[in-house]
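Note sheet for the following structure.
Every number here is computed from the coordinates shown, using simple stated rules; none is lab data. Since we're looking at a predicted model, the values are computed, not measured. Every residue, glycine among them, receives a Cβ derived from its backbone with ideal geometry; neighbour counts consider all protein chains shown.
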Amino acid sequence: MSKNLSTRKIAALRPREKRYTVTDSHSLTLRVYPSGIKSWCLRISYGGRVTDLSLGRWPEVSLMQARQLARRKRKEFRRVRQ
């Protein structure tokens, strides 16, 4: 389980002309918008479809909180699928 992001790295991310994403681990990503907003997103795939779940904005939702939320959402999703 490689965790690429840190609070320092997130704070250093700068907006670009177009939205871009930075991956943390296990489908948890941080979207950086041209406006400077940074938003957590969890990408879940099932049955050939991909769904993006928004987990909140950084820094209101910290890196640790986003990882915990992502873990919880994945567990919920697996329970619903069974």
Distance between Cα centroids, segment 53-69 to segment 4-32: provide it in whole Å. 12 Å
Using only the alpha-carbon atoms, how far is helix 63-81 inclined from the longest principal axis of the chain? Give it as 0 to 90 degrees, nearest 10. 20 degrees
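From the helices alone, meaning DSSP H stretches of at least four residues, give me the mean residue ellipticity at 222 nm for the chain, per-run term -39500 (n - 2.57), in deg cm²/dmol to the nearest 500.
Computed mean residue ellipticity for the chain: -9500 deg cm²/dmol.
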Rounded to whole Hz and in sequence order, give me ³J(HN,Hα) for segment 9-26 from the Karplus expression 6.51 cos²θ - 1.76 cosθ + 1.60, θ = phi - 60°, writing x for Gly and Pro. 5, 5, 4, 7, 5, 10, x, 10, 5, 10, 4, 9, 10, 10, 8, 9, 6, 6
Provide the three semi-axes, in whole Å and in decreasing order, of the ellipsoid equivalent to segment 25-82 as defined by the square roots of 5 times the Cα gyration tensor eigenvalues. 22, 13, 7
Of all stretches in the chain that avoid trypsin sites (Lys or Arg not before Pro) placed in a DSSP loop and having at most 16 other Cβ atoms within 10 Å, the longest is 20-82
